[in-house]
Amino acid sequence: MFSLFCYFFLLIELPNNFFIFNDFIAMDNISFVYISITTITSFIVYLVFFSNEKTTKDNDISLELNFIRNTIVFVLLLICITNELSLLFFLLEVYSLSAYVLVAQRGKTSIFSSEAGIKYFIIGTVFSLFMIYAISIIYSIFGTTKIFDLYLLVTYNKGFLKILFETDWAIQILIAFVLLLIGIFFKIASAPFHFWSPDVYEASPTTTMMFLSILPKVSLFLVLIKFYPIYILLNLDILFYLSAVCSILVGSLLGLYQKRIKRLLAYSSIANTGFIILGFVGFSVNSLSFATFYLLVYLLTNIAFFSLILSTRIQPTQVTVKNLYNLANLFFIHKSRFAVFAFLLFSSAGLPPFIGFLNKFLVLFSAAGYFFNFILFLALISAPLSVFYYIRILKLMSFNKYDYFLFLTQISLLSSIVISFSFVSLIIMFLWSGHIVSFFNLLFL
Amino acid sequence: MGISSQFFNDTNSVITAFSLDFIKYLSINSFTLSYQITFDSIAYLFILLTAILIPLCMLSIWNNIKFNLSEFMLTIALVEWMLINMFLVSDLFLFHIWFEAILLPMYFLIGVWGSRQRKTYASFMFFFYTFLGSLFMLYGLLSLYVQLGSLSLINLLNVDLGSKSYAIWLMFMVAFAVKVPMFPAHIWLPEAHVEAPTVGSVLLAGVLLKLGIFAVIRFLIPIFPEETQYYAPLVSIFAILGILYISLTTMRQTDLKKIIAYASVAHMNYVVLGVFGLNSLSFSGSIFLMIGHGLVSAGLFFLIGFMYDRYKTRNVRYYRGMVSFMPLYTVIFLVFTLANMSFPGTCNFVGEALILFGITQTNILISWLAAIGIVFCAVYSIWLFNRTMLGPITPCIENFSDLSKKEFFTVFPLVVLTLVFGLFPNIILNILQETVAVHLTYYN
């Protein structure tokens with residue numbers, strides 16, 4: 001955690017817009033913002049992690065696992081500023097290997113956990129193979145693997161691209177870029193490459209799920225944003241749009257049937273990822289700002305969710321809440337937890353007047369210019385579906401129909417700080433959303 | 001923060017009263033919202049209606065709610081806040097925000113403090129019917145915004161969208177039709193009313209049902225006058241269907257609250273008929289009927305709530321001959337029943353008479369069918385009163401108690417207002433004059 005502070009202060013000192021290490025690293029305004037988002041988010045995630053009482057008990061802070069977590073954070077920070085595809089691949093591999101270990105962390109005592117680890121490992125390796133193959137094709141055709149150089153090649157030399165397309169290399173280029181995209185979509189659990197995430201998330205410890213679902217999204221969205229112009233020029237932006245819409249539908253539909261909190265959160269994160277990708281499908285200053293805003297709100301909401309879940313323990317056995325019915329009658333047991341839950345759930349559902357509505361509305365509005373009718377129709381269909389499973393949780397908590405009463409432990413001080421911080425910042429973001437989004441505007445070119 | 005009051009006096013459109021330009025509520029890139037208020041006499045009347053119903057609600061729940069009273073009060077306060085917002089704002093986006101937002105406190109109100117297990121079903125029905133409707137409205141909003149760049153009412157008047165506006169009108173009308181509720185989408189209302197606590201039903205019937213029609217008056221007609229005239233026959237058909245079919249359904253109900261809930265649907269469809277009658281008589285009648293219906297249905301739900309608090313059943317067959325031991329209750333129930341039936345001397349009569357006069361000018365067949373609807377209304381109202389209040393005393397009840405002081409003062413203002421507005425309707429009609437005149441100018 002201390003190291004995170006160091007990174008952040010270092011970054012503030014650095015001048016903007018530099019390319020170092022033989023162009024391996026590029027820093028411009030938006031990378032700076034994303035890296036600061038990652039830093040702050042990782043800091044908060046660490047706070048939540050340490051506020052978890054079970055951490056010391058289960059030896060989660062043993063030296064190796066701590067080192068692996070720090071590696072993950074460091075690697076994700078570097079991904080934000082990398083300019084070079086092979087470095088990107090290297091960092092993603094380090095991240096993935098650390099993630100595999102973290103998922104299977106309880107493998108000695110739980111076969112469920114090791115099964116998830118192996119699943120993630122095998123599937124992740126396949127997608128990493130896709131990525132490395134794609135990168136090698138790109139190198140062989142273009143002679144460079146710097147993202148910025150690729151962008152320059154593709155934009156300034158339209159003729160070059162035309163020649164390429166008239167030769168046999170057209171298919172190879174398309175395959176390369178598609179496979180690259182698939183590799184990244186896999187990591188952020190976007191449909192149709194989402195199928196690993198519910199199983200893996202459910203079996204891993206909740207703190208690990210926090211690290212895996214919240215942190216990479218920021219860095220990898222920045223990578224996607226950097227790639228996006230290339231894809232527009234190759235007419236492959238339809239892939240982004242399709243993936244976004246699929247994610248929204250999948251996340252909404254499949255989440256309806258879930259009875260466990262972690263799986264539900266996994267599907268809701270798939271749907272939210274879909275919305276963020278939808279946000280920058282129409283590649284304009286507006287839509288990117290809206291997408292980043294959505295990302296921020298989504299991160300804070302998820303952090304608050306995780307803090308709530310981690311701090312909610314069933315009294316006699318100190319077990320975390322796993323199933324949805326464990327949350328029953330929360331309204332009568334603990335009003336403030338219920339209030340925060342209600343706020344978060346209504347916000348995730350996209351109901352006014354909470355900030356989630358503004359999120360979704362802005363993203364939909366910015367995507368409306370791109371391809372108006374069909375997408376709005378799909379998004380409008382998926383909205384009530386996801387609302388249903390969020391509202392159902394509230395029904396469980398407040399409608400007094402169930403005989404299940406939980407005896408909860410106290411929320412630790414650190415957890416309450418994190419939760420209140422997220423809560424308040426969400427409210428503040430609602431009031432200042434104009435300022436925040438215009439701030440982002442200044443940064444995106 | 002500047003306060004500017006402007007009278008818009010174009011040749012084609014007049015916004016009644018004035019509009020206050022409050023803080024720049026939200027400005028994100030090109031998307032700015034300012035909390036502008038349009039305060040005409042219709043909004044004035046509805047805010048008064050809200051303002052009189054909410055304290056009565058709070059009065060009625062003092063000793064009735066068995067758990068979480070403070071949260072209940074909070075929910076009512078939230079409902080009131082959102083209602084007043086809805087009646088004031090003149091920006092369509094803000095209106096949509098409050099339109100959807102009010103579902104949340106009502107969801108909790110019905111689900112947490114409802115009386116039977118069916119409350120979950122009712123709560124979800126209410127929520128999702130209205131939510132789906134407002135999704136259509138969101139779609140229409142986005143279409144408007146993409147084409148016009150702003151959603152403020154002042155900017156939206158006198159706008160020409162071409163043939164797309166017909167589809168947008170339909171989108172909006174679906175949302176409002178679910179809220180009214182009109183015929184195919186009315187099923188949520190009996191469920192929600194029956195399972196809600198007394199206060200929930202009062203608020204739902206008293207004010208929330210008016211929201212759909214208020215939105216039509218405030219937004220739909222000024223922005224799309226030609227499309228309204230184009231679609232008026234279609235909407236009238238659904239309204240008539242609603243009136244006749246639902247009045248017939250009401251006659252077979254055995255749950256006290258369901259009878260009044262279905263009666264609410266029928267009255268609201270009357271109001272829709274009046275609004276789409278396209279002349280000043282029926283328009284003023286529709287507003288009058290809305291006020292009247294707000295008072296009368298609220299009173300009826302309060303009374304039924306008193307019954308339920310005492311005897312824990314809403315089944316009609318258990319009640320008979322209540323007049324012998326609850327005469328005060330019977331008198332008040334009689335006043336409200338006659339009002340429900342639009343008996344002359346009560347405010348509903350003025351409303352329905354004006355609507356009928358107005359519709360006769362437009363289309364005689366519909367006015368005949370509507371008059372038959374009034375007869376049906378009389379049937380179920382008088383029959384309800386007859387079988388519950390009159391006759392030999394029911395053997396099912398042993399301990400009777402007439403209205404307590406608190407209960408009496410909960411319904412007494414509504415009785416007084418019903419009779420006063422029925423006998424001196426000019427109190428309201430004078431207020432409405434300007435607005436109705438303005439409204440007519442939309443139909444060139």
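On inspection, A:PHE331 fails the criterion of being in a helix (DSSP H, G or I), more than 9 Å from chain B (Cβ to nearest Cβ) and modelled with pLDDT of 80 or more. Against the definition (open to solvent by 50 Å² or more (accessible area, probe 1.4 Å) and in contact (Cβ under 8 Å) with a residue 12 or more places away in the chain), how does B:ILE364 come out, yes or no? So B:ILE364 does not fit the description; no. Being among the polar types (S, T, N, Q) and either open to solvent by 10 Å² or more (accessible area, probe 1.4 Å) or closer than 22 Å to A:VAL33 by Cβ (or both) is the filter here, so list the residues in segment A:194-238 that pass it. Once the filter is applied, which keeps residues that are among the polar types (S, T, N, Q) and either open to solvent by 10 Å² or more (accessible area, probe 1.4 Å) or closer than 22 Å to A:VAL33 by Cβ (or both), segment A:194-238 yields A:THR206, A:SER213, A:SER219, A:ASN235. For segment B:119-140: of the residues being at the interface with chain A (Cβ under 8 Å from one of its Cβ atoms) and among the polar types (S, T, N, Q), which is nearest to the chain's Cα centre (by Cα)? So the residue we want is B:SER123. Please verify whether segment A:415-423 includes one or more residues that are within 12 Å of chain B (Cβ to nearest Cβ), open to solvent by less than 20 Å² (accessible area, probe 1.4 Å) and either modelled with pLDDT of 75 or more or in a helix (DSSP H, G or I) (or both). No, the conditions are met nowhere in segment A:415-423. Counting only helices (runs of 4 or more DSSP H) that sit wholly inside segment B:315-410, those with at least 2 residues that are farther than 23 Å from B:ASN269 by Cβ are B:327-340, B:364-389. Of the candidates A:LEU345, A:LEU351, A:LEU394, the single residue that is buried (at least 23 other Cβ atoms within 10 Å of the Cβ), at the interface with another protein chain (Cβ under 7 Å from one of its Cβ atoms) and at pLDDT 80 or above is A:LEU351.
This table checks each residue for (1) at pLDDT 80 or above; (2) open to solvent by less than 30 Å² (accessible area, probe 1.4 Å); (3) more than 14 Å from chain B (Cβ to nearest Cβ).
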residue	(1), (2), (3)
A:ILE277	yes, yes, yes
A:SER289	no, yes, no
A:THR292	no, yes, no
A:VAL297	yes, yes, no
A:ASN302	yes, yes, yes
A:PHE305	yes, yes, yes
A:ARG313	no, yes, yes
A:GLN318	no, no, yes
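Residues in segment B:105-118 that are at the interface with chain A (Cβ under 7 Å from one of its Cβ atoms) and in contact (Cβ under 8 Å) with a residue 24 or more places away in the chain were compared, and the one that is farthest from B:ASN64 (Cα to Cα) is B:PHE108.
Out of the residues in segment A:115-133 meeting the condition of being β-branched (Val, Ile, Thr) and within 20 Å of A:ALA191 (Cα to Cα), tell me which one is surrounded by the most Cβ atoms within 10 Å (Cβ to Cβ). Among them, the one singled out is A:ILE123. B:LEU289 meets all of the listed conditions (1) touching an Asp or Glu at 6+ places or on another chain (Cβ under 7 Å); (2) surrounded by fewer than 24 Cβ atoms within 10 Å (Cβ to Cβ) but one, namely (2). The set of residues from segment B:72-104 being farther than 30 Å from B:ILE221 by Cα and without any contact (Cβ under 8 Å) to a residue 40 or more places away in the chain comprises B:MET73, B:LEU74, B:THR75, B:ALA77. Taking the stated definitions as given, is A:LYS360 within 30 Å of B:TYR145 (Cβ to Cβ), open to solvent by 10 Å² or more (accessible area, probe 1.4 Å), within 13 Å of another protein chain (Cβ to nearest Cβ) and at pLDDT 80 or above? So A:LYS360 passes the test. Of the set (1) farther than 22 Å from A:GLY350 by Cα; (2) buried (at least 24 other Cβ atoms within 10 Å of the Cβ); (3) not polar (S, T, N, Q), all apply to B:ASP160 but (2).
Residue count for segment B:273-286 under the criterion of being open to solvent by 10 Å² or more (accessible area, probe 1.4 Å) and either in contact with a Cys (Cβ under 9 Å, 6 or more places away or on another chain) or assigned to a helix (DSSP H, G or I) (or both): the result is 3.
Taking the condition of being hydrophobic (A, V, I, L, M, F, W, C), open to solvent by 10 Å² or more (accessible area, probe 1.4 Å) and either closer than 17 Å to A:ALA342 by Cβ or outside any helix (DSSP H, G or I) (or both), how many residues in segment B:105-134 meet it? Summing the residues that are hydrophobic (A, V, I, L, M, F, W, C), open to solvent by 10 Å² or more (accessible area, probe 1.4 Å) and either closer than 17 Å to A:ALA342 by Cβ or outside any helix (DSSP H, G or I) (or both) in segment B:105-134 gives 3. On inspection, B:SER143 does not qualify as farther than 18 Å from B:ILE213 by Cα and either basic (Lys, Arg) or more than 11 Å from every other protein chain (Cβ to nearest Cβ) (or both). Taking the criterion of being of a type in the set (Val, Ile, Thr) and either over 29 Å from B:LEU92 (Cα atoms) or surrounded by fewer than 17 Cβ atoms within 10 Å (Cβ to Cβ) (or both), the residues of segment B:241-272 that qualify are B:ILE243, B:ILE246, B:THR249, B:THR250, B:THR254, B:ILE259, B:ILE260.
Taken over segment B:55-70, the criterion of being without any contact (Cβ under 8 Å) to a residue 60 or more places away in the chain and touching a helix residue (DSSP H, G or I) at 6+ places or on another chain (Cβ under 6 Å) is satisfied by no residue.
The values are calculated or read from the model by the stated rules, or taken from the named source; none is laboratory data. All of these numbers come straight from a predicted model, not from anything done at the bench. Cβ sites come from the backbone with ideal geometry, for glycine too, and all protein chains shown count toward neighbours. Surface areas here come from the heavy atoms of the whole protein model, side chains and all, with no ligands, DNA or RNA. Shrake-Rupley method; radii C 1.70, N 1.55, O 1.52, S 1.80 Å.
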